[in-house]
1. Name the helices (runs of 4 or more DSSP H) wholly inside the stretch 64-183 in which the number of residues that are modelled with pLDDT under 65 and under 23 Å from Gln282 (Cβ atoms) is 1 or more.
2. Can you pull out the residues in the stretch 367-422 that are touching a Gly at 6+ places or on another chain (Cβ under 6 Å) and not in a helix (DSSP H, G or I)?
3. Is it fair to say Leu253 is surrounded by 23 or more Cβ atoms within 10 Å (Cβ to Cβ) and either at pLDDT below 70 or over 27 Å from Phe291 (Cβ atoms) (or both)?
4. Within the stretch 525-536, does at least one residue satisfy the condition of being under 46 Å from the mean Cα position of the chain (by Cα), among the hydrophobic types (A, V, I, L, M, F, W, C), in a loop (DSSP other than H, G, I, E, B) and modelled with pLDDT under 95?
5. Is it the case that some residue within the stretch 477-494 is surrounded by fewer than 21 Cβ atoms within 10 Å (Cβ to Cβ), farther than 15 Å from Thr444 by Cα and not hydrophobic (A, V, I, L, M, F, W, C)?
6. As an exercise: evaluate Ile511 against (1) at pLDDT below 95; (2) more than 23 Å from Leu595 (Cα to Cα); (3) surrounded by 20 or more Cβ atoms within 10 Å (Cβ to Cβ) and give the number of the one condition it does not meet.
7. Suppose we filter Ser586, Ser641 for residues that are of a type in the set (Ser, Thr, Tyr), under 52 Å from the mean Cα position of the chain (by Cα) and modelled with pLDDT under 85; which single one remains?
8. Which residues, taken from the stretch 260-289, are surrounded by fewer than 20 Cβ atoms within 10 Å (Cβ to Cβ), more than 25 Å from Gln187 (Cβ to Cβ) and at pLDDT 70 or above?
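The values are calculated or read from the model by the stated rules, or taken from the named source; none is laboratory data. Given the structure is predicted, the values throughout are model-derived calculations rather than measurements. Note that each Cβ is placed from the backbone with ideal geometry, even for glycine, and that neighbours are counted across all protein chains shown.
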Amino acid sequence: MDDVVPMEVDDSVPMVKNSFGYELGTQCPAPSECTTSFEVGSTPDLANDDISTDGVQDAVDGSYGSLTAAEYRVDGKEADSKCMSDVWHAHDQLNSGKSRGKSRCRERLAGKVSDDKQDKAEIGRSFQLAVGAHDWGLAESLIPMADAQRLNDGLCIALDTVWFLCTHEELHGATRLIERLVEAGAQDFTRAALRTSFLASCVSACRSRTMSLADTVTVMAQRLRERLQECSGDEMLKAEAAAKVQRFTEWALKCIGSHSRARRKGCAGEEIAAYNSCIESQLQLKAFKRFLELAGNRLSGKDYTEAFDAACFPLTLFSTAIDSGWASGIAASAMQGLLGMLVEGGADNVNQCFLEAARFGSTELVRILMKIAQRNGIEVDVDLALGFASHYCKITTMECLVNDGHAIAFLAPLMRAADRGCMQVVKWFVERGCRDMELCLALTAAASSSRIEVADYLLKHIPLHVLRALSFDILKAAGERSSGSMKGITFLLQSNFLSNAEATYAVADSISKVEDDSISSDLKSFFRSQWSEEAFQSGRMIGQAHYLNAMRAIKRGASPICIQELPMQLQVSITYFPLYKECAESSGVLLSQWLRGQLVEAASRLTGSKDCSSKEIENLDKEELLAILESRMPSFLVHGS
C-alpha cells in the first residue's frame, strides 16, 4: 500500500487543537493567559524533575498530581525532605487505622508557617500533601491562611483527586473541601475544569490499557508529532505545543501512578478491584457534578467546549493503548458521564471531536461520542467520519461507523482509496457491498491515477453488461482525470476490459472520432494515434514500408554480410525480431491498433495469400499472430528473448 497522505479536504478536516485552547498556526498566548495549563502556578519543569519518560510509573512517591521536584524548592533551596517523608508516612498510618504519624505531620507542618512569601509557598505545599494523604481536615485548616492564588491552586488540586475516590468517606471529604475552597473565594473554575477533564481522560484510558504507562507516553508523543506535521503553521509553535502536551501527559500519568501506589499500600488488591467495579465511577461523577453545581454560570459555554476538547484529546491519542470493547466497560463509565455533563453544560464541539477520533482510529472514543450524541439529540457526521477513517486506513473504526453509526456514503471514500491505490480499504468497501455505479466510478479513479492493481481488482467485480454500457464514459473520465499519464487507460484496453476485442477496439475508436470539445485534444490524440482504426491502417502502412526496406537490404545491400545467403529463419529474425519482441513484451491480451497493424502486415508477408487471406489474418488474436512469427524464427532466439 502506498504511503498515506493527508486528506485533501482542507475545509472539512478540523485543525488538530492542542491542549491550550488555540489552533496551531496562530499566536501562542502567554503562559499567564493559558487557561488550560494543567500545572499549579507554572508549567511543570520536567527537565529538573529527574524523571524521564521511561520512568513515569516509577515516579518518586513524594510527587502528587502536578507537584514536581521544582515545586519542592523554596528560593532555590530544597524543602524539608523529612517533612515530606512524614506526610507520606502519615498517609500509610491513616490507611492502616493509626494516627501517630498524622499528628506528627500536623505539628511539623503547623510549625513551618511564617509571615512572608515563603509562608505562602509552604501553605500550598502543605495543602497539596494533605490532600494527597486524604487528610481532609488538615487541608481545610489551611484554607483561611491561603491567598487568592493558593485558593485557586487548591481548587485544582482538590478537583483532581475526585478521579481516584473509592469510598463514600473520601467522596464526602473531597466535596466538602471543594465547597470550603469556593466559599473562601476560589473562582478559577475554568482552569480547574480543563485540567481535571484532561486528567480524567488519562485515568479512564489507563484503567484499560494494553501497554505500560511509559510506553503510552512514548506512543502518544509520536502520534502527536505525526498529526502536527500534517498541519500548517510555524514549526517552532508546533514543537512547543508537542513538548507541552507531552509534559502534561507525563504529569497526568505520574499522578495516576502516585495514587495507584497509595491505594496498593492501604488496600488489598482483590477487594479494591471489586469495590471499584461497583461504585467508584458513581462516586467520582457525583463529586464532579457537585463541582459544576458550585461553578454555576461562572463556567461559560466556551469553557465547557474547551473542557470537552481537553477530555477527548488524550483518548484520541491513546487509541492504540485501549482495549477493544473499552467503551462499553466500567472503566469508561466515568468518562461517559464526564463528557455527558460537559455537553449538558454547553459543549458544542461533539462532532469536531468525533471526526478527529475517527481520523486517529480511536474506535472506542468514537463509540462513546456516538452514544452521547444520540442521548443528547446531537447530529454527528458519520459519513464524513467514515471518509477520515478510510483515508488513514482505520479499518476497525470504519466497521464501527458502518455497523453502529449506520454510515452509508461509500462512494467518496471508495474513490479516494482507489485513487491512492489503497487496496485494503477498496477491498473492505467492495466486500461490504457497493453499487455497480460506485464500482465504475472507483475504476475510473484507479485508472486515472494508474493504480493498476486496484483497477484489475475492480474489473472483476463489475458486471460485464454494466461495463459495456458505461465503457465510453469510463475511458473518457479516466483520461480527463489523469495528470498526463495514460498508463491506466492503456491497462484497461490491453486487458480487453469488455471481454470482446471488437467491442474494446470500437469504443476506443469512437472516442478518437468525437468532434465536439467534450474531450480534450490530448486524449483524442492518444486514442487516434494508438487505438483507432486509423492507427491500425497506419501500422499496416509502416509494416509495408518496413518490408520493402528489408527486401532492398537483403537483395541489394552492400554489406560484407550477405544476408541473402543466410538461412531463411535468420533473415526473418533480422527483419521482424524487434517487432516481435515489442509485441511479446506488451502487457495484456490486446495490442494497440498501431502495433497490431504492423504485426498483421508481418504475418501476412510471412504466410502469403495462398495459406491465409488478409481478412483471416486480421481476425487472429495477439498470441496467434505472434505464433506465426515464432514458427519462422530460430527457437533459441524466441525462447531466449
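1. 81-95
2. Within the stretch 367-422, just Lys394 meets the criteria.
3. For Leu253, the condition - surrounded by 23 or more Cβ atoms within 10 Å (Cβ to Cβ) and either at pLDDT below 70 or over 27 Å from Phe291 (Cβ atoms) (or both) - is not met.
4. The answer is no; no qualifying residue exists.
5. The answer is yes; a qualifying residue exists.
6. Among (1) at pLDDT below 95; (2) more than 23 Å from Leu595 (Cα to Cα); (3) surrounded by 20 or more Cβ atoms within 10 Å (Cβ to Cβ), the lone unmet condition for Ile511 is (2).
7. Matching residue, one of Ser586, Ser641: Ser641.
8. Ile279, Gln282
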